[in-house]
Amino acid sequence: MAKRIEAVDLDAYYGGFRAIEGVTLTIEPKSITALIGPSGCGKSTFLRTINRMHEVLPGARVTGQLLLDDEDVYGPGVDPVGVRRAIGMVFQRPNPFPTMSIYDNVVAGLRLNGVKKKGDLDDAAEQSLRSANLWNEVKDRLGKPGAGLSGGQQQRLCIARAVAVEPQVLLMDEPCSALDPISTLAIEDLMTELKDRYTIIIVTHNMQQAARVSDRTGFFTIDGPGTPGRLVEIDETPKIFSNPSEKRTEDYITGRFG
Amino acid sequence: MPDLTAPRADAAAGADTASAAYGGGGAPLLPGSSAGDLPRTASASGQRRGDRVFRSLSLGAGLLLLGVIVAIGVFLVYRALPALRDNTGSFLTDVGWDPNATPPAFGIVALAFGTVLSSVLALAMAFPVAMGVALFISHYAPRRFAGPLGYVVDLLAAVPSVVYGLWGIFFLNDRIKGLSAFLHDHLGFVPLFRADGIYGRSILLASVVLAIMILPIIASLSREVFLQVPAANQEAALALGATRWEMIRMAVLPFGKPGVIGATMLGLGRALGETIAVALVLSPAFLVSFHVLEPGKGNTIAANIALQFGEATATGRGALIASGLVLFAITLVVNVIARAVIYRRRDFAGGSA
């Protein structure tokens with residue numbers, strides 16, 4: 001089930017450095033939200049706070065609230081492992097497990113959840129690979145190493161791996177930045193299809209991509225080096241790209257800054 | 001104008017094709033012939049002198065190593081043959097070892113058995129602990145501790161084996177007697193733990209000393225391998241909702257497997273060949289026995305060579321060299337098996353094989 005995400009006055013730190021400050025936003029279920037902004041503006045950091053991957057780095061911490069359908073992800077006693085099982089993530093560089101076959105990669109998350117029956121795993125593997133538009137390309141070589149696929153195929157394999165556990169939210173951190181235009185198009189089409197079932201948040205440096213795929217777009221920026229990133233505004237994508245409320249957004253969109 | 005890119009690409013493969021291509025237009029294009037503006041190397045092959053020197057040096061080093069290995073094999077066979085001819089027993093199937101008697105009669109069975117048994121026991125004890133130590137340093141210990149701890153483990157690997165031997169005989173022996181009695185009293189039904197009341201200076205003691213010796217080697221190398229696991233793979237596992245242990249099982253251990261096998265083989269090689277530590281702690285006997293708690297129930301090839309070499313006759317020395325040849329062969333077989341295991345899974349090695 002797709003869920004709603006709400007951040008309330010969220011700060012994220014790397015040790016003593018405050019990377020993002022005061023992020024407050026709401027993301028509706030079954031929509032695609034793009035986060036754009038210059039390098040170092042904290043959009044990826046914000047993305048990683050949603051599934052508590054931020055705190056994997058030593059010294060990293062988060063203050064404020066992050067609600068997943070009104071339940072605080074950072075509430076007392078909440079297990080980050082459980083949060084990550086509910087919120088899938090696709091990374092910038094395709095990162096299939098190099099020691100696993102294509103099949104084992106797709107069902108890795110299911111096996112973590114204790115699914116053991118071969119029939120269930122087979123069904124889920126096929127379904128996930130079909131949703132990732134990869135099934136026809138790999139169905140005859142499921143036992144081959146996942147690392148042997150092309151970059152675009154590997155990224156779709158990672159998407160299949162992420163959706164196999166039926167997450168409530170799908171986070172994508174610049175998923176196409178290492179891919180060629182054809183693979184990028186394939187993944188963008190895929191995102192539009194997946195939108196019916198998941199809440200998708202994508203971080204991208206590619207503004208055309210944000211304009212093409214997203215329903216809403218959020219713009220992050222920093223005032224200067226060493227200052228925390230802030231969310232400048234978030235709105236319907238057509239409005240952000242045609243008539244943003246903030247001057248800084250307009251400067252960035254039109255290429256006068258960043 | 002000949003194609004300038006092709007010979008450059010070929011240069012590494014073979015100088016012959018390269019110079020042929022350069023000579024294709026008639027007279028070879030020598031430096032200073034001002035045929036083009038591209039910089040020329042001194043040799044027609046297009047390789048710079050530094051590359052050629054380094055290539056010869058590294059090739060020479062490789063060939064030298066091969067030569068040394070072959071020379072060792074030839075030496076062992078050559079020196080062992082006379083003793084093997086005079087042997088009135090059967091070298092490969094006899095248990096007894098009397099090469100200094102007239103007539104000499106000796107077989108390798110007891111020594112080879114003791115060597116393999118003590119090393120396998122040592123590995124069985126050391127491997128799980130070494131994995132724990134390596135994973136603790138690479139993935140569990142706070143960074144403040146991980147550094148010094150890794151340093152201490154490296155230091156342990158550098159302690160000379162004679163020190164372990166002395167420690168084994170003067171300190172550990174008394175303690176191992178108590179452990180042996182306990183194992184016999186409570187687990188006496190296991191064939192390994194049968195005994196008739198005398199403990200110490202046993203295969204068990206030798207194995208424990210060997211285990212302590214090889215533990216830091218396996219732990220140190222495995223830790224290095226575990227630290228090489230790409231962060232992207234570990235994050236992938238965590239993002240799927242893996243706990244730290246699940247992440248290690250999913251991403252770290254499979255990726256590190258070839259390296260861990262290599263580390264284990266190095267440790268096993270050291271255990272198989274360990275001489276002085278075993279010679280110091282073991283009360284030797286030429287028997288095939290699983291009674292690892294008792295003294296005088298076994299011996300190893302390397303320790304036997306050290307103990308007997310000084311008093312051996314010419315035939316006795318030949319016999320010891322023959323036993324050395326067997327040790328060489330055992331080590332070789334173990335390594336080939338390990339390589340085969342790694343090779344079989346090379347497509348899934350993630351670039352670490």
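The values are calculated or read from the model by the stated rules, or taken from the named source; none is laboratory data. Nothing here was measured: the structure is a model prediction, and the numbers come from that model. Note that we place each Cβ from the backbone using ideal geometry, even for glycine, and neighbour counts take in every protein chain shown. Keep in mind that these areas ignore ligands, DNA and RNA; they rest on the heavy atoms of the full protein, side chains included. Shrake-Rupley method; radii C 1.70, N 1.55, O 1.52, S 1.80 Å.
If you take all other residues with their beta carbon under 15 Å from the beta carbon of B:Val159, and give Lys and Arg +1 and Asp and Glu -1, the sum is -1. Ordering B:70-76, B:159-165, A:175-181 by mean Cβ neighbour count within 10 Å, with the highest value first, yields A:175-181, B:159-165, B:70-76. Dipole check for chain A: with +1 at the C-beta of Lys and Arg, -1 at the C-beta of Asp and Glu, and the Cα centre as origin, the magnitude is about 680 Debye.
Dipole size of the protein assembly as shown about its Cα centre, with +1 on Lys/Arg Cβ and -1 on Asp/Glu Cβ: approximately 1300 debye, rounded to the nearest 20.
Legend: residue pairs A:Lys3/A:Lys144; A:Lys3/B:Lys257; B:Lys177/B:Lys257; A:Lys118/B:Lys257, Cα-Cα distance threshold 28 Å; pairs beyond threshold, A:Lys3/A:Lys144; A:Lys3/B:Lys257; B:Lys177/B:Lys257. Which residues of the range B:210-246 show a drop of at least 10 Å² in accessible area when all protein chains are present, compared with their chain alone (probe radius 1.4 Å, heavy atoms only, ligands and nucleic acids excluded)? At a threshold of 10 Å² (probe 1.4 Å), the residues of the range B:210-246 that become less exposed are B:Ala232, B:Asn233, B:Glu235, B:Ala236, B:Leu238, B:Ala239, B:Leu240, B:Gly241, B:Ala242, B:Thr243, B:Glu246. With Cα atoms as the point set, the radius of gyration and Dmax of the range A:72-180 evaluate to 14.0, 47 Å. Residues whose amide H falls under 5 Å from that of B:Gly188, counting only those 5 or more places apart or on a different chain, are absent, with hydrogens built in the peptide plane. Hydrophobic long helices, here whole DSSP H runs in chain B with Kyte-Doolittle means of at least -0.5 and Cα atoms spread over 15 Å or more along the helix axis, are found at B:49-86, B:109-135, B:143-157, B:173-187, B:203-227, B:253-273, B:314-344.
Taking DSSP loops as anything outside H, G, I, E and B, show the longest stretch in chain A free of trypsin sites (Lys or Arg not before Pro) there with at most 16 other beta carbons within 10 Å.
Value returned for the longest uninterrupted segment is A:142-255.
Remark: chain A projects, on average over all directions, an area of 13.7 nm² (convex hull of Cα atoms).
Each residue of the range A:47-53 was assigned a 3J(HN,Hα) from its phi angle through the Karplus curve 6.51 cos²θ - 1.76 cosθ + 1.60 (θ = phi - 60°); the sequence is 4, 6, 6, 5, 9, 6, 7 Hz, with glycine and proline shown as x. Across q = 0.10, 0.13, 0.18, 0.23 Å⁻¹, the range A:136-258 modelled as identical point scatterers on its alpha-carbon atoms has Debye log10 I(q)/I(0) values of -0.39, -0.63, -1.02, -1.38, in the order of the q list.
Please calculate how many Å² of accessible area the range B:191-254 carries per residue, with a 1.4 Å probe and no DNA, RNA or ligand atoms counted.
With all protein chains present, the range B:191-254 gives 35 Å² per residue.
Here is the interface size for A with B: some 1900 Å² of accessible area buried, both sides summed, with a 1.4 Å probe. Note on B:Ser58 and A:Thr192: the model spin-label points, each 7 Å out from Cα along the C-beta direction, lie 5.1 nm apart.
Scaling the Cα radius of gyration of the range B:97-348 by the globular reference 2.2 N^0.38 Å produces a ratio of 1.14.
All other residues with a Cβ under 12 Å from the Cβ of A:Leu149 taken together, and with Lys, Arg as +1 and Asp, Glu as -1, what is their net charge?
Local charge sum for A:Leu149: +2.
Nonpolar atom fraction for chain A, defined as the carbon and sulfur part of the 1.4 Å probe accessible area, stands at 49 percent.
Projecting the Cα atoms of A:Gln127, A:Gly143, A:Asn243 onto the charge dipole of the protein assembly as shown, computed from C-beta unit charges around the Cα centre, puts A:Gly143 farthest toward the positive end. Computed over protein heavy atoms with a 1.4 Å probe, the accessible surface of the range A:127-258 works out to 43 Å² per residue. Sparsely packed loop sites in the range A:1-91 (the GluC sites (Glu not before Pro) outside DSSP H, G, I, E and B with at most 15 other Cβ atoms within 10 Å) do not occur.
When the charge dipole of chain A is built from unit charges on Cβ atoms (+1 for Lys and Arg, -1 for Asp and Glu) and taken about the Cα centre, the candidate among A:Gly255, A:Ala211, A:Val62 whose Cα reaches farthest toward its positive end is A:Val62.
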